[in-house]
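Reviewing the structure listed below.
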Amino acid sequence: MLLGKLKVVRRQLLQRYEHQPFVSCLAGLYGCQWRRYQRARAQPGECCCSKVECISFGLLILTFFLSFVFLYFWTEAQNDYIDFDWFNFGTLGFWFPWSLVLLVLAAALFTYIALLLVVAVYLLTEGQRLYLHWSHKIGIVVTLVFTVTATAVLSDLWSKEWKTLLLSLQVTAPFLHLGAVSLMTLLSWPIAMHFFRMNKRVRQVSILGVYLAVLFSLHLVPLGMYSPCIKEAGTLGPAPTLIGHRGAPMLAPENTLMSFESTVEFGAEGLETDVTISYDGVPFLMHDVSLSRTTNVAQVFPNRTHTEACNFTWAEIQQLNAGDWFLSRDPFGTVSSLTDAERLRAQNQSVPSLAQFLELAARADRLVLFDLRRPPPGHPYSDSYVNTTLRVVRAHANASQVLWLPSEDRDLVQASDPDLQQTSGETASIQELTDGHITRLNLHYSSMSQTQISKYKSVNISTNLYVVSQTWLYSLAWCAGVHSVTTNSVQLLAHMHTPLFLMTPEDYSMMWILTDLVSALLITAVFIFHWWRERGLLPLWSGSRQPHENGPYSKFRTELSDVWSISSLNARTDARSTPSSPTTPHLPTITEE
């Protein structure tokens, strides 16, 4: 009878002590410990968990940082998603938006790891011992393997994207710095609490040393930051003009008249394309070596699906449809924005000739930039393809409107038609460029350099960057002084009136100093608060806590003594009611499981 009453009292008191539904929920999510009595507290100065759990927690932190880096890397790579998807199309043979799937998967895994880490930190703040459920351990390993594998594969296939990442830091670094300092400020609360509760000096010095080292490094990070968008007021140049990359490929099938007309409607300065020579000597627009990606050649000529485009005659090419693929594959996810009339028009597009393209550009008074594909040996026009193309240019366009990009026989081309704007796809010394009559450079955006751009600009050599489709990248090119950009998203960039990120050096210094100063003051206040509280100097916070009893632990001991008091009272009452009882039963020791 007495033992049963003691169990009831014990249960009631422990329930009162353990009445923390939020902590119970988090412990259940982290370690599947949904029952209150499965949890255990770590005494001050003790390790928060076993060696296995320490390794799991360390692996969780490592996975968090690696998954964040990969997510940031792939988010900033959106400018080149279309190249990634077309590469997979050529490899696998079917179209699928792998880039978006990879982005969603990376975001989901990072969110999962981040939430798991937040739960762990909160449980540590509450003095709970960590116990990570095996399913979460598997999830962490899966996320880590996915992150490392995806980073390694993309680094091998798309090494240029790391340059994109470095460029993105010139825009996002100030905001990443602000976020990192804010995170370290929030972490000061559990760090300070555990620091003052630890009894071993070595652990105190270790935890505080690591924390302060990271915090100090973050405070000094802005010293190494550089961005062309941090400049004096009034020094920002005009916005780069736009050249439609194969037209407006988000609004119409690439390299079609509809695509180029859409580019003109949005006010682009120029039109960019690629030219191939047919087997009977007609220059036409085609980017790929074969016709399989952007036409229905597989249906019209099933035995010649992978035949090179230059081995078809112009009459054969005119039989192909160049718009159905755009509607069925929707490479940019923009088909839904088209009207029914625009979809019908896109469905009926054909492959245009160079002559049709130049006539459209001449009517709209637009510059044209094109690369020229040399036919393979044995082709009837393998040796005369440059002269064949020049004849069409002279017949259908003003030479001054043409940015001549092909490097083959450049001296002969310049001599025969000096009005062409000679354009080079490679950097060189100023002397070499001026000797070659180069007036414009056409470079990949990853080679962006404000110093280099200014150097060429000083001798009237302008710079065009390709392919710039994201607003942050366009903003960076604008701040760097680029003259023009080739873009897939002319409809988006045409409406930008100022760079996304633009600061004076004074404003940036003020932002940096205020961030670090506020962070330092808050962290100092947090450490002082915990120092006072743990020494019982804050009556409102200390309550019944005694010095060195460390908060909730002293409360728990007090309630255990209450158990003995109540049990003793019950024992005396039972003794008076049963005086003949020879002995008092041994009371079991009550501990927190």
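Per-structure values
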read-out: Whole-number percent relative contact order across region 50-138, with pairs defined as alpha carbons under 8 Å at least 6 apart; value: 37
read-out: Hydrodynamic radius (Kirkwood) for region 165-305, which is based on Cα pairs only, to one decimal in Å; value: 21.5
read-out: Top positive-direction residue, dipole computed over region 294-428 with Cβ charges, set Gln347, Thr294, Pro380; value: Gln347
read-out: Projected area averaged over orientations for region 149-190, convex hull of C-alpha atoms, nm²; value: 4.2
read-out: Region 300-357 - percent relative contact order, Cα under 8 Å, separation 6 or more; value: 42
read-out: Estimated translational D of region 136-233 in µm²/s (Stokes, Kirkwood radius over Cα pairs; 4 °C; 1.567 mPa s); value: 76
read-out: log₁₀ of I(q)/I(0) at q = 0.20, 0.21, 0.26, 0.32 Å⁻¹ - region 52-97, Debye sum with one point per alpha carbon; value: -0.70, -0.73, -0.87, -1.00
read-out: Among Leu360, Asn303, Leu327 the positive-end extreme of the charge dipole of region 300-413 (Cβ point charges); value: Leu360
read-out: Per-bin percent of Cα-Cα distances, region 377-482 [5 Å]; value: 2, 11, 21, 18, 16, 14, 10, 5, 2, 0
read-out: Electrostatic dipole magnitude of region 49-176 [Cβ: Lys, Arg +1; Asp, Glu -1; Cα centre; debye, to 20]; value: 400
read-out: Overall form of region 121-171 per C-alpha gyration tensor (a/c, 1.5; a/b vs b/c); value: oblate
read-out: Charged-residue dipole, Cβ positions (Lys, Arg, Asp, Glu), region 243-304 about Cα centre, Debye nearest 20; value: 300
read-out: Surface accessible to a 1.4 Å probe, Phe73 within the full protein complex, Å²; value: 10
read-out: Hydrodynamic radius (Kirkwood) for region 264-332, which is based on Cα pairs only, to one decimal in Å; value: 13.1
read-out: Heavy atoms of Trp162 accessible to a 1.4 Å probe, total area in Å² rounded to 10; value: 80
read-out: Prolate/oblate/rounded call for region 219-275, Cα gyration tensor, a/c under 1.5 rounded; value: prolate
read-out: Radius ratio Rg over Rh of region 78-221, counting only Cα atoms, Kirkwood formula for Rh; value: 1.07
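The values are calculated or read from the model by the stated rules, or taken from the named source; none is laboratory data. Please read all numbers here as calculations on a predicted model, not as lab measurements. A quick note on method: Cβ atoms are made from the backbone with ideal geometry, for glycine too, and the neighbour counts reach across all protein chains shown. Just the protein is used for accessible areas: all its heavy atoms, side chains included, with ligands, DNA and RNA removed. Shrake-Rupley method; radii C 1.70, N 1.55, O 1.52, S 1.80 Å.
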